[in-house]
Amino acid sequence: MEGNYSQFKAMLAITKASLRATFRSPSAVIFSIGFPLIFILVFGFIGGDGGFSLDVAMSKNSDTSNFIYTAIKKIDGFNFSTKPDSLLTQDLQKGDLTAIIDIQKNPSGNPAYIIHLKSSEAVSGQNISLLQSILNSVISGINKNIHPDAATIAVVDADVQKIPGRIYRRIDFILPGQLGFSLLSAGVFGVAFLFYNLRSQLILKRFFATPITRTYIVLGEALARVLFQMMTAVIIIGMGAGVFHFTLVHGFVTFLEIMVLSFIALLVFMGFGFIVSSLAKNESTIPPFANLFTLPQFLLAGTFFPIDYFPKWLQFFCNLLPLTHFNNAMRSISFEGASLIDCWQDIGVLVIWGILVYAFAIRVFKWEQ
């Protein structure tokens, strides 16, 4: 009997059973296959065709009766603003506009045109350099196709006029995204694991033996999470402002507005956590379910890089995500000096998400396993 026993067949049987168990584990499938594919797709879109996007404006006094103006207006990567001059200046000061392009005839006649750029200290030097390179490329194309015998039809003035503006540091983009990352993670994962464990360990059931009602049980647990995460937000903002000079335009007033915004966002994100805790059949299924809500937002909501890097069709979906609107409002309040009222559209989207999420959470919420 012992001589007929096949170690090799036994090994294959164990391999088959283990492989079957692995494929039946949502965590294994999501973390081993799903996540890498998602990262490949996202970063593939970012570097897809080497595209770019710059917000610019044409000066009202610019000469428009030339080939240069026509060629510049046809550049797909330029987003032209047509706001009044006063608003264009404000956008320059806030760094929302890369530059104002002014095409003027050269009095000396050689070259025929000079392109002047007006920007601000708030605009990234990299964006200004990119704009200059694109304009020089346009001029080269015109020289080659229309004026091959001329030295050059125009030049870009290397002396960029810069108006005062807030210096836009890297931390001014990074910190809002990381705060949103923290709030979303805590709201979804924290609440999901907390209420799943309360149910599975029958703690919620024991609460029913006390005079406290179900509503106050949930409110008490939720309030503890909110207080803890708001303290975390204070630490993140304080560290960013004190150590890395994160911009708080109006000081303490801006800080308070950010805290109100964070509170609203956290309440919305906690709703996702309630849904996950109710849908999860066991503790190992919580991470896959939670990541269905969190991972797309981490990657597509402007957390680590601007959503302008994505194709236009993908930006549409990016702008549907609640974390996108938290990040937008956070950056507007902290750096641009906007108020909560000014960010009513972003806050409105968060509120709509909150209503939808809690309406579904109430339907699926369970007190017992």
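Kindly check whether there is at least one residue in region 124-140 that is more than 30 Å from Ser277 (Cα to Cα) and under 19 Å from the mean Cα position of the chain (by Cα).
Taking every residue of region 124-140 in turn, at least one turns out to be more than 30 Å from Ser277 (Cα to Cα) and under 19 Å from the mean Cα position of the chain (by Cα).
Kindly provide the set of residues from region 137-156 that are surrounded by fewer than 15 Cβ atoms within 10 Å (Cβ to Cβ) and either closer than 30 Å to Ile258 by Cα or modelled with pLDDT of 85 or more (or both), ordered by number.
Passing the criteria: Ser137, Ser140.
Does region 124-137 contain at least one residue that is in contact with a strand residue (DSSP E or B) (Cβ under 9 Å, 6 or more places away or on another chain) and not in a helix (DSSP H, G or I)?
So far as region 124-137 goes, no, none of its residues is in contact with a strand residue (DSSP E or B) (Cβ under 9 Å, 6 or more places away or on another chain) and not in a helix (DSSP H, G or I).
Can you tell me how many residues in region 107-123 are in a loop (DSSP other than H, G, I, E, B) and either open to solvent by less than 10 Å² (accessible area, probe 1.4 Å) or touching a residue at least 24 places away in the same chain (Cβ under 8 Å) (or both)?
Going through region 107-123 one residue at a time, the tally reaches 6.
Just to verify a result, which residue in region 326-345, among those that are more than 20 Å from Leu54 (Cβ to Cβ) and assigned to a helix (DSSP H, G or I), is most open to solvent (accessible area, probe 1.4 Å)?
The extreme case among them is Trp344.
Among (1) touching a residue at least 24 places away in the same chain (Cβ under 8 Å); (2) farther than 27 Å from Asp76 by Cα; (3) not basic (Lys, Arg), there is one condition Leu299 misses while meeting the rest; what is its number?
Just one mismatch for Leu299, condition (2).
Could you check region 56-88 and list, in sequence order, the residues that are part of a loop (DSSP other than H, G, I, E, B), open to solvent by 60 Å² or more (accessible area, probe 1.4 Å) and over 21 Å from Lys312 (Cβ atoms)?
Passing the criteria: Lys60, Asn61, Thr64, Ser65, Lys83, Pro84.
State the number of residues belonging to region 275-292 that are under 17 Å from Ile362 (Cα atoms) and at pLDDT below 85.
Looking only at that region, the number is 4.
Just one of (1) closer than 28 Å to Arg170 by Cα; (2) touching a residue at least 24 places away in the same chain (Cβ under 8 Å); (3) small (Gly, Ala, Ser) trips up Ser62, so point out which.
Unmet for Ser62, out of (1) closer than 28 Å to Arg170 by Cα; (2) touching a residue at least 24 places away in the same chain (Cβ under 8 Å); (3) small (Gly, Ala, Ser): (1).
Give the residue, chosen from Leu295, Leu314, Leu320, that is modelled with pLDDT under 90 and over 18 Å from Ala186 (Cβ atoms).
Going through Leu295, Leu314, Leu320 in turn, the sole match is Leu314.
Filter the helices (runs of 4 or more DSSP H) completely within region 239-325 down to those with at least 3 residues that are among the polar types (S, T, N, Q) and under 18 Å from the mean Cα position of the chain (by Cα).
286-300
If we scan region 89-100, do we find a residue that is open to solvent by 30 Å² or more (accessible area, probe 1.4 Å), assigned to a loop (DSSP other than H, G, I, E, B) and free of Cβ contacts under 8 Å to residues at least 12 places away in the same chain?
No: region 89-100 contains no residue that is open to solvent by 30 Å² or more (accessible area, probe 1.4 Å), assigned to a loop (DSSP other than H, G, I, E, B) and free of Cβ contacts under 8 Å to residues at least 12 places away in the same chain.
The values are calculated or read from the model by the stated rules, or taken from the named source; none is laboratory data. Because the structure is predicted, anything quoted here is derived from the model rather than measured. Positions of Cβ are generated from backbone atoms using ideal geometry, with glycine treated the same way; all protein chains shown enter the neighbour counts. SASA here: full protein model, heavy atoms, side chains in, ligands and nucleic acids out. Shrake-Rupley method; radii C 1.70, N 1.55, O 1.52, S 1.80 Å.
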